[in-house]
Amino acid sequence: MNIPFLKNKQPEEALQYPVDHTLDHVAIIMDGNGRWAQKRGLPRAAGHKEGLSTVFKIVKAAVKCKVNVLTLYTFSTENWKRPKSEVDVILRLPKEFLSVYLPDLISNNVRIESIGDLEKLPAHTREAIEYAIARTRDNDGLQLNLALNYGSRHEILHSMKELITDINAGKLSLDELNEEQFSTYLYTKDVKDPDLLIRTGGEKRLSNFLLWQLAYTEFWFSDVLWPDFTEVEFLRALEQFRQRNRRYGGV
Ligand code: FPP
């Protein structure tokens, strides 16, 4: 297999991290944790925990490639339908992740943010995220957006309600409303739309992730299960992105 960014197909330390100024924002649907564990006869929770070290590897790779924003689908509004024991495991992951990796994230100049409805999360999850957000507020490197209790339809509905409230209060005119203004009501108001969406785990669907924001995003699907996803795979996705011809509906 030809991997041009690998010097002579050497191991990981020989990887090159090309910087692409047209790649501002990468979003990832990290799928396949459960299957990774089941394949090994382990409880699904083991797959979620294994997925944490992949998160850190990919964050570091994104830092090296000077990506500005990395948005990770960590817990969706639909994930509440899973057995309570699994929901509890997933909602403990942010705290586990941050208790291990926060010092390294800080030394890599990463700024943590979240999107989603944090109010409905258990206090320990919310507090861990809020602490990390406050602790990394002054960093100006990669923005790591953790999508937690996030669902795109919920986000759009929530935005619509706020927007209508503002129209009724006379703060906004219905006639002048445009896409740009609407975007300022979304959780993602401070970041550009993703340039690249990666989904691991072999499924080819959006699962209610960033439906508005992905209108012109390039998609890259990988069969690799998230705990097995590597920097090499991530760099391959970025390399493929560079070869795409983005026309935004033009010619
Ligand atoms: C989907 O795999 C994965 C999730 C619902 C959880 C994703 C969370 C992580 C990878 C940890 C990230 C944590 C932080 C704090 C960044 P699945 O369980 O649906 O897998 P399956 O399709 O094989 O069943």
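Nothing in this text is a laboratory measurement; each read-out follows from the coordinates by a stated rule. Source: prediction; values computed, not measured. Note that each Cβ is placed from the backbone with ideal geometry, even for glycine, and that neighbours are counted across all protein chains shown.
Structure values in brief
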read-out: Estimated 222 nm signal from helices in the chain, with DSSP H stretches of n ≥ 4 weighted -39500 (n - 2.57), rounded to 500; value: -12500 deg cm²/dmol
read-out: Label-point separation, Ile133 to Ser53 (7 Å along Cα→Cβ), nm; value: 3.0
read-out: Positive minus negative residues near Gly202 (Lys, Arg vs Asp, Glu; Cβ under 9 Å); value: 0
read-out: Listed residues Asp175, Asp24, Asp117, most fluctuating in the chain (Gaussian network, C-alpha, under 10 Å); value: Asp175
read-out: Extension gain, Arg82 back to Glu176 (0.36 nm per residue minus Cα-Cα distance, nm); value: 29.6 nm
read-out: Violating pairs (Cα-Cα greater than 21 angstrom) within the set Lys120/Lys171; Lys57/Lys95; Lys49/Lys95; Lys84/Lys204; Lys49/Lys84; value: Lys120/Lys171; Lys84/Lys204
read-out: Sequence-separation-based contact order of the chain, relative, with Cα cut under 8 Å and 6+ spacing, percent; value: 26
read-out: Largest-first principal axis extents, alpha carbons of the chain, Å; value: 62, 50, 36
read-out: Overall form of the range 102-251 per C-alpha gyration tensor (a/c, 1.5; a/b vs b/c); value: oblate
read-out: Proximal charge balance of Trp36 [Cβ under 13 Å; K/R count +1, D/E count -1]; value: +1
read-out: Fully extended contour minus Cα-Cα distance, from Arg246 to Val232, at 0.36 nm per residue; value: 2.7 nm
read-out: DSSP-defined antiparallel bridges as percent of all bridges, the chain, nearest 5; value: 5
read-out: Those trypsin sites (Lys or Arg not before Pro) in the range 26-97 that DSSP places in a loop and that have at most 12 other beta carbons within 10 Å; value: Arg40
read-out: Three-way shape label, the range 77-185, alpha-carbon gyration tensor, a/c 1.5; value: oblate
read-out: Global geometry of the range 47-106, whether rounded, prolate or oblate, following the gyration tensor of its Cα atoms and the 1.5 cut on a/c; value: prolate
read-out: All aspartates and glutamates inside 15 Å of Lys192 as judged from Cα atoms, apart from same-chain residues fewer than 8 positions distant; value: Asp24, Glu113, Glu179, Glu180, Glu218
read-out: Surrounding net charge for Arg246, when Lys and Arg each add one and Asp and Glu each subtract one, Cβ distance under 14 Å; value: -1
